[in-house]
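Following: one structure in structure tokens, then a few remarks.
Nothing in this text is a laboratory measurement; each read-out follows from the coordinates by a stated rule. Everything quoted here is computed from the prediction, not taken from an experiment. Using ideal geometry, Cβ is built from the backbone for each residue, glycine included, and neighbour counts are taken over all protein chains shown.
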Amino acid sequence: MEKDILTMGIESSCDETSVAIVKNGREILSNVIDTQIPIHEKYGGVVPEIASRNHIEAISRVTKKALEEANISFEQIDAITPTYGPGLVGALLVGLSYAKALSFATNKPLVGVNHIQGHIAANYITYKELEPPFICVMMSGGNTQIVHVKNYTEFEVLGKTRDDAIGEAFDKVARVVGLGYPGGPKVDKLAKEGQANIELPKTHFDEDTLDFSFSGIKTAVINLHHKNPDINKADLCASFEKNVTETLMENVKKAIEKTGIKKITLAGGVSANSYIRNEFLKLEQEGIKVYMPDLKLCTDNAAMIASAGYYNFVSGKRDDLNLNAVPNLKL
Ligand code: KG4
């Protein structure tokens, strides 16, 4: 039997300090997540400098806890796999510098992970049998992309947002209607009480593209609410959700046509949205297989980073101490 490979994922790209130990890319031994949401809530969004300081305060404690919960010693780790982008540069630097120091001190391999690759890998933990190729609809606070996942480490972006990320639009809508931060889960909850009966615009590009735009719908919701502050907020949230989901689905169908791949995965914080999950599941009636990560693996966590780190590690990727944080890292 082949030896098990344990990767230590380290995630600090935004407002979650997380360290996880994952076996063979698929099995979580620990996934400690120290969230800063209560700290940033009062500012209505993530304050980068405050995020960095809190990562510094949390990182050693979270790492120790991850080893304890996995019930392993540091010697048993095969590779240290930190997120090195995309994200907030100061926040990324904390986890990455910590990982580099650990790697230097213990002589363990350092293998950098792209945060988006991590979100995609959350599906490998949820579905032990899932293998590429497939199409991934990546939707988070900072990114919205349709990705052709060719194999574990090779990706082609088929379409992306030309302006706001879908999560940004959720958060902005929530703020405008007075739901607070982080807005996505609050819009999700309120929308369930409403009807999608408000007409909202969709942005269509002339070219044959799989790109998105979410700034128009975001502005339309803001304007509607400003013009009519008594508008039914639940209906507005439901209408917004329906509109953006239709936009996502239209492009996903184009991606299926273009590639012939009938296997879809969802990824990123917005893939926790209950309406979006239900609508995507309906595609199964058209013979398309749909995968979505466990809810706790949709938003930022280090288990998904350790999983992606495993695949980078076994494909031979190695980094050295020159690895730097790349805030706008692409897939
Ligand atoms: O993937 P993530 O944790 O962080 C990034 O890498 O960006 O995504 C965070 C985003 C936020 O915009 C948050 O409002 C959104 O995911 N989100 C949701 C839900 N849960 C989190 N959006 C819609 N419905 C949800 N249930």
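Summary of computed values
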read-out	value
Dimensions (Å) - the range 132-293, Cα atoms, principal axes, largest first	49, 30, 26
Cβ crowding within 10 Å averaged over residues, with 148-155, 263-270, 121-128, 202-209 ranked highest first	263-270, 121-128, 148-155, 202-209
Average projection area in nm² (convex hull over Cα atoms of the chain, one quarter of hull surface)	17.2 nm²
Charge tally in the Cβ shell below 9 Å around N301, where Lys, Arg are +1 and Asp, Glu are -1, N301 excluded	-2
Backbone N within the range 305-326 under 12 Å of label point (7 Å from K65 Cα along the Cβ vector)	none
Net length gained if the chain between N232 and V326 were fully extended (0.36 nm per residue, minus Cα distance)	29.7 nm
Mean Cβ neighbour count within 10 Å, used as a protection proxy, ranking 98-104, 67-73 highest first	98-104, 67-73
Order of F313, F240, F74 under a 10 Å beta carbon neighbour criterion, fewest first	F74, F313, F240
Relative contact order of the chain, pairs being alpha-carbon contacts under 8 Å that are 6 or more residues apart, as %	26 percent
Cα long-axis angle, helix 166-176 against the chain (0 to 90 degrees, to the nearest 10)	60 degrees
Surrounding net charge for I288, when Lys and Arg each add one and Asp and Glu each subtract one, Cβ distance under 10 Å	+3
Calculated FRET efficiency for the pair D208/K296, C-beta based, R₀ 41 Å, to 0.05	0.65
Environment charge at T144 (Cβ cut-off 12 Å; Lys +1, Arg +1, Asp -1, Glu -1)	-2
Dipole magnitude (debye, nearest 20) for the chain, charges at Cβ of Lys, Arg, Asp, Glu	140 debye
Considering only the chain, percent of DSSP beta bridges that pair antiparallel, nearest 5	65 percent
Förster-model FRET efficiency, 51 Å R0, E279 and E2, C-beta, rounded to 0.05	0.80
Entries in K64/K100; K186/K296; K150/K296; K192/K253; K262/K282; K192/K262 that, when Cα-Cα distance is taken, lie over 18 Å	K150/K296; K192/K253; K192/K262
Paramagnetic reach from E129 (point 7 Å along Cα→Cβ, amide N under 17 Å) across the range 234-269	262-265
Virtual paramagnetic centre 7 Å along Cα→Cβ of Q76, amide N under 16 Å, in the range 4-22	4-9, 20-22
Ranked packing of 163-175, 319-331, most packed first, by mean Cβ within 10 Å	163-175, 319-331
For the chain, calculated [θ]222 nm from helices alone, where every DSSP H run of n ≥ 4 adds -39500 (n - 2.57)	-13500 deg cm²/dmol
Student exercise, the range 38-150 dipole from Lys, Arg, Asp, Glu Cβ charges, in Debye to nearest 20	180 debye
